[in-house]
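Quick one: the structure is below, questions incoming.
The values are calculated or read from the model by the stated rules, or taken from the named source; none is laboratory data. Note that this is a predicted model, so its numbers are computed, not measured. With ideal geometry, Cβ positions are generated from the backbone for all residues, glycine too; neighbour counts draw on all protein chains shown. To get the accessible areas, we keep the full protein, side chains included, count just its heavy atoms, and leave off ligands, DNA and RNA. Shrake-Rupley method; radii C 1.70, N 1.55, O 1.52, S 1.80 Å.
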Amino acid sequence: MLRTNLSTRPFYNERAVQAALGALVVLAAAFTIFNAVEWRLLSGRQGELLSRVRQDERTAGALRSQAELARRSIDRAELDRVTEQVREANRLIDQRIFSWTGLLGVLERTLPPEVRVQSIRPAADREGGLTVTMLVVGRRPEDIAQLVERLEASKTFNHLYSRSETTNQQGLLEVALEGRYAPAVAAAGPAPAPAPRAVKAGRKD
């Protein structure tokens, strides 16, 4: 039997096409929902980050203001003086040549009763020596002169001289003394006296 297709249109599988279209619609809807959720999450994170940035900017501004106030309240001359003292102290520590105990011991042995020490500032020079500046207070110039004589006689100070002399409100004499300090001599102290030689008894021939 001869069978022929007399239809004017070719046959299509409409169910497969509809299924494919439905799957595409579902994928597109899922992708759209996913994008919407991600957009909301990213928008929330962006808002949180912007809030943190504003808070950090406010904190930075407050810190800058505090730093500016602190800089204005600092005495530049005093800061330079302290910095120089710290630098000199670090040089002394690095060289390990200065002993506060030795210097205070020398002052304790040589300080007259009418003289007191207000401040001491050691400094290392480029040659590796030590220069000590002391601010001393006394009632009479003779007392200060006695201190200078005793320090030079102890052989621990050389070229000791007065840098400045003023009179304070109490009528006391304030003198800034400066001189080369020899800590090795101060640490050694006076040489001990030689021990007497023992005499051995013997028989004369």
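Sort Arg150, Arg15 by heavy-atom solvent-accessible area, probe 1.4 angstrom, most to least.
Arg15, Arg150
Still on this model: Averaged per residue, what accessible surface does segment 19-65 expose to a 1.4 Å probe, in Å²?
It amounts to 87 Å² per residue over segment 19-65.
With a cut-off of 15 Å, note down the residues of segment 157-181 whose backbone N falls inside the zone around a label point 7 Å from the Cα of Glu114 toward its beta carbon.
Residues 171-175 qualify, since their backbone N sits under 15 Å from the label point.
Please turn the phi angles of segment 146-155 into ³J(HN,Hα) values with the Karplus equation 6.51 cos²θ - 1.76 cosθ + 1.60 (θ = phi - 60°), one per residue in order, whole Hz, x for glycine and proline.
5, 5, 4, 4, 5, 5, 5, 5, 6, 6
Now a separate question. Please give the length that would be gained between Leu69 and Asn158 if that part of the chain were fully extended, namely 0.36 nm times their separation in residues minus their C-alpha to C-alpha distance (nm, one decimal). Spell out each step's value before the answer.
Working: separation 89, 0.36 × 89 = 32.04 nm, distance 4.61 nm.
Net length gain for the segment: 27.4 nm.
Sorted by accessible area with a 1.4 angstrom probe, largest first, how do Arg71, Arg81 fall? The partial results should precede the final answer.
On the way: Arg71 145, Arg81 110 Å².
Result of the area sort, largest leading: Arg71, Arg81.
Just to confirm a number: summing +1 for Lys and Arg and -1 for Asp and Glu over residues other than Gln118 whose beta-carbon lies under 15 angstrom from that of Gln118, what do you get? Let's see the in-between values first.
Numbers: positive: Arg116, Arg121, Arg139, Arg163; negative: Glu114, Asp143, Glu165, Glu174, Glu178.
Around Gln118, the charge tally is -1.
Arrange the residues Tyr181, Tyr161 by how much accessible surface each exposes, largest first, with a 1.4 angstrom probe.
Tyr161, Tyr181
Give me the number: length gained by fully extending Val26 to Arg40, i.e. 0.36 nm times residue separation minus the C-alpha to C-alpha distance, one decimal in nm.
2.9 nm
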